[in-house]
2 protein chains.
Amino acid sequence: MSRVQDRPFSFTITDRDPQTKGRLGTLHTAHGDIPTPVFMPVGTAGSVKAVTFDQVASTGSRIILGNTYHLHLRPGHELIEKLGGLHRFQGWDGAILTDSAGFQVFSLSDLVKISEEGVKFRSHLDGARLFFTPEKSMEIQLGLGADIVMAFDQCVAADADPREVAHGVDRTSRWLRRCLEAFVPCRRHHKAGYERVLFGIMQGGTDPAERRRSAEDIVTLDLPGYAIGGLSVGEPKPVLHEMTGVAAALLPDEKPRYLMGVGYPDDILEAVVAGVDMFDCVLPTRMARTGSVLTWDGRLVVKNQEHAQDDGPIDSSCPCPTCRGHSRAYIRHLFQARELLGPMLVTQHNLWFYQELMRGIRQAIAAGQLADYARKVRARWDEGEQQRLDDVARRKPGGRSR
Amino acid sequence: MSRVQDRPFSFTITDRDPQTKGRLGTLHTAHGDIPTPVFMPVGTAGSVKAVTFDQVASTGSRIILGNTYHLHLRPGHELIEKLGGLHRFQGWDGAILTDSAGFQVFSLSDLVKISEEGVKFRSHLDGARLFFTPEKSMEIQLGLGADIVMAFDQCVAADADPREVAHGVDRTSRWLRRCLEAFVPCRRHHKAGYERVLFGIMQGGTDPAERRRSAEDIVTLDLPGYAIGGLSVGEPKPVLHEMTGVAAALLPDEKPRYLMGVGYPDDILEAVVAGVDMFDCVLPTRMARTGSVLTWDGRLVVKNQEHAQDDGPIDSSCPCPTCRGHSRAYIRHLFQARELLGPMLVTQHNLWFYQELMRGIRQAIAAGQLADYARKVRARWDEGEQQRLDDVARRKPGGRSR
């Protein structure tokens, strides 16, 4: 890890869009500077699925996400720590953010029992009993050695009743204090030669008053960054967009804002306009493995028959190696023949697409034209997606065109 | 395909090892010069499994193999021809050799009916009836556009009786003439702006007299190259090595000699010493997908528990990206977690290993030290393999150590 630098974590805002809340910034970490707004590819179990880390880096990614729950189960954070931490273990010298396992506990396990102490649940791998607490989450994340550690929060479902939502806010606040206690000294953890920082997570479901209550509490702790949790859990898109705006405005202007688990290009554009700086989502990598290609004109299902004889690339304007080297017909063939190269090439493209989108967003902010850029990109994306959905409906018996 | 050159195919021998029959040469093709002895990675269905073509090229590979049978079934050679040929279709600007489907017919299908006209069998994909003839094989391979086209031969099993072996030799000879007829004019086929050549295949099982009979017939046709077929079909290793020597000596010195489907490093070393120039084998790619790593000390099963905490690379002397970037512990984890990156990284390493072996062989020939090089590499490989087999036996109940 020759590139690691022992310097304090900081976030600087270098430019602001005049017409929106969008801002251009830099996250300064021990593992490099990261221009924001940033999209972080998800490296769930120590690998960004179906690509090498060289390929991830070549898309322009400087920070990726690691998954506390998955890495704790396999191969175990003790082993990773023993072997020099997650950066070294997986061979990635950029920055790493680890989630807290709070969301996985919420989404993966059927058998969850939540108490004030923590969460009892069963491993999705072998059914083994597990007990996650704020302290345990910190222990794991500090062992992994992420540059940015996330607080252990309690996420509630999109259809949770008001009492549950309020309860989640309160518990998340209490747990954040326990995280911080485990994370001392000085709210910044210094170990193995570089600094790691703890980000707090806001909850509050889709209730603006609860969002405010959550924000007002956690910002008193003056953490180096804050995340918006509990969105993208099943609520309708307009609600996601509205709540993103509400939540972002409640977080301190000078701190990085991170919208967890979001999302589609239109969701990211909405959030950047609302002043969000950081994103992560499994979408580009997960979709790639089923042959869903992301383009400026929406999703393209490359396995469809219509691409069988198409000699052109996925996107002739895309600079990625997949588009420069291969046709739609070829990529379709790879999926038909179940060749691993299919998911590999589409993952590469989808990650490039997201980084191209983020580069476009940053350029637009620098040029003071974010609103215009967001409108144009959204219009094209929405039109393409509508077209695709119409096509799907037309093909289905009983679909719209009948 | 900017690198394609319209020039005659040729083979030049540039150096000879003084103590063995090993020779250094160059295959001059329309898609580049290829130093020999050469190992050709197998790109069965339009993809060298689990690696990108950039990664294949970075190992030093300048020629790969394509599979007539698989590509005929899916996506179909007509489509590939329509889209500009196999080089363009898969995005590979190096040279391509296609097999004739003779071996797949022999190895894949349970329901084969061979007549003088050709081979009736069923698709392994959907059971569809197929009929392959020498003419059909040429049509497919010319449609694919390989630089080197292989004759459609009749391969017989290792345990075939003498009559079958003799019959296979005769039929292969007759079929070779039909291939050539379909391949005219001038024994070299010129189409789509570059020259393709036809290689003949020798059969004859493990009978030196039949090998001689086969060779004496096919060399009268003065083809640009000759292959040794019908080995590596189940015969014991010493027989393979002995027959390789017999067969190679029967082929013209000035033409490239290609030992089809072989093999392990020790097999390749034996064959180079006997004067063989070209090799292909699925071994490095197929083994990689189950976590078998090839090293100078034999196979290493990276999934084994003993590597769980091993921070070192597979091979500290290996220049490949896998060994420069990742530990055994990490690669083991990837296989445990069924991450695609596991097969990807090991495939890359295994292909590098084979190309390093071939580079070592070529350097040894240039230095006039092939015998010494082959002996040392074989000794180390054999010792490592013996150790591995002993370990396996020790672990098994009822194994040697009990």
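Derivation of every value follows stated rules applied to the coordinates shown; laboratory data play no part. Quantities reported herein were computed from a predicted structural model and do not represent experimental measurements. Positions of Cβ are generated from backbone atoms using ideal geometry, with glycine treated the same way; all protein chains shown enter the neighbour counts.
At a threshold of 8 angstrom on Cα-Cα distance, excluding pairs fewer than six apart, so keeping six or more, what relative contact order does chain A reach in percent? Mind showing how you got there, number by number?
Working: 800 pairs, mean separation 67.6, N = 402.
It comes to 17 percent, rounded to a whole number.
In nm, one decimal, shortest first: how far is the label point of A:Asp222 (7 Å from Cα along Cα to beta carbon) from the matching points in the other copies?
Here A:Asp222 shows inter-copy label distances of 9.2 nm.
So between A:Ala209 and A:Val112, what do we pick up on full extension, going 0.36 nm a residue minus the alpha carbon distance? Walk me through the numbers before you get to the answer.
On the way: separation 97, 0.36 × 97 = 34.92 nm, distance 2.75 nm.
Between A:Ala209 and A:Val112, full extension yields 32.2 nm more.
In whole angstrom, note down how far apart the Cα centers of segment A:116-132 and segment A:245-259 are.
Between the Cα centres of segment A:116-132 and segment A:245-259 lies a distance of 32 Å.
Name the GluC sites (Glu not before Pro) in segment B:227-335 that are in a loop by DSSP and that have at most 16 other C-beta atoms within 10 Å, would you? Numbers along the way, then the final one.
Values: sites: B:Glu242, B:Glu254, B:Glu270, B:Glu306; in loops: B:Glu254.
Of the GluC sites (Glu not before Pro), the ones in loops of segment B:227-335 whose Cβ has at most 16 other Cβ atoms within 10 Å are B:Glu254.
Along each of its three principal axes, how wide is the spread of alpha-carbon positions in the protein assembly as shown, in whole angstrom units, largest first?
91, 70, 44
Output ³J(HN,Hα) for segment A:23-37: one whole-Hz value per residue in order, computed from phi by the Karplus curve 6.51 cos²θ - 1.76 cosθ + 1.60 with θ = phi - 60°, and x for Gly and Pro.
Per residue, the Karplus-derived 3J(HN,Hα) values read 9, 9, x, 9, 8, 9, 10, 5, 10, x, 8, 10, x, 10, x Hz.
At what distance in nm do the modelled label points of A:Ser58 and B:Thr12 sit from each other, each positioned 7 Å from its Cα along Cα→Cβ?
Result for the modelled spin labels: 3.3 nm.
Put a label point 7 Å from Cα along the Cβ direction on B:Asp54, then list its distances to the equivalent points in the other copies in nm, shortest first.
Copy-to-copy label distances at B:Asp54, shortest first: 0.9 nm.
As an exercise, use a Förster radius of 35 Å and the Cβ-Cβ distance of B:Ala379 and B:Asp159 to find the FRET efficiency, rounded to the nearest 0.05. Write down the numbers at each step before the final one.
Details: r = 31 Å, r/R0 = 0.89.
For R0 = 35 Å, the calculated efficiency reads 0.65.
What are the nm distances, shortest first, from B:Lys396 to its equivalents in the other copies, labels at 7 Å along Cα→Cβ?
5.4
Kindly write out, for segment B:95-100 in residue order, the coupling ³J(HN,Hα) from the Karplus curve 6.51 cos²θ - 1.76 cosθ + 1.60 (θ = phi - 60°), rounded to whole Hz, with x marking Gly and Pro.
7, 9, 10, 10, 6, 9
If amide H atoms are built 1.01 Å from N in the plane of the peptide, which residues on other chains or at least 5 residues away come under 5 Å of the amide H of B:Thr295?
Answer set, sorted by chain and number: B:Leu300.
Please give the length that would be gained between B:His167 and B:Ala393 if that part of the chain were fully extended, namely 0.36 nm times their separation in residues minus their C-alpha to C-alpha distance (nm, one decimal). Numbers along the way, then the final one.
Values: separation 226, 0.36 × 226 = 81.36 nm, distance 4.18 nm.
Taking 0.36 nm per residue and subtracting the Cα distance, the gain is 77.2 nm.
Residue separation times 0.36 nm, minus the C-alpha to C-alpha distance between B:Asp222 and B:Thr290: what's the value? Spell out each step's value before the answer.
Working: separation 68, 0.36 × 68 = 24.48 nm, distance 4.22 nm.
Roughly 20.3 nm would be gained on extension.
Tell me the angle of helix B:208-218 to the major Cα principal axis of chain B, expressed in degrees between 0 and 90 and rounded to the nearest ten.
Relative to chain B, helix B:208-218 is tipped by roughly 50 degrees.
List the lysines whose alpha-carbon lies under 30 Å from that of A:Lys82, not counting same-chain residues fewer than 8 positions away?
Partners within reach: A:Lys49, A:Lys120, A:Lys136, A:Lys191, B:Lys303.
Ordered by residue, what ³J(HN,Hα) values in Hz, to whole numbers, does segment B:251-258 give under the Karplus form 6.51 cos²θ - 1.76 cosθ + 1.60, where θ = phi - 60° and Gly and Pro are x?
9, x, 4, 7, 9, x, 10, 10
Taking H as built 1.01 Å from N, whose amide H comes closer than 5 Å to the amide H of B:Asp280, not counting residues under 5 places away?
B:Met40, B:Gly261, B:Val262
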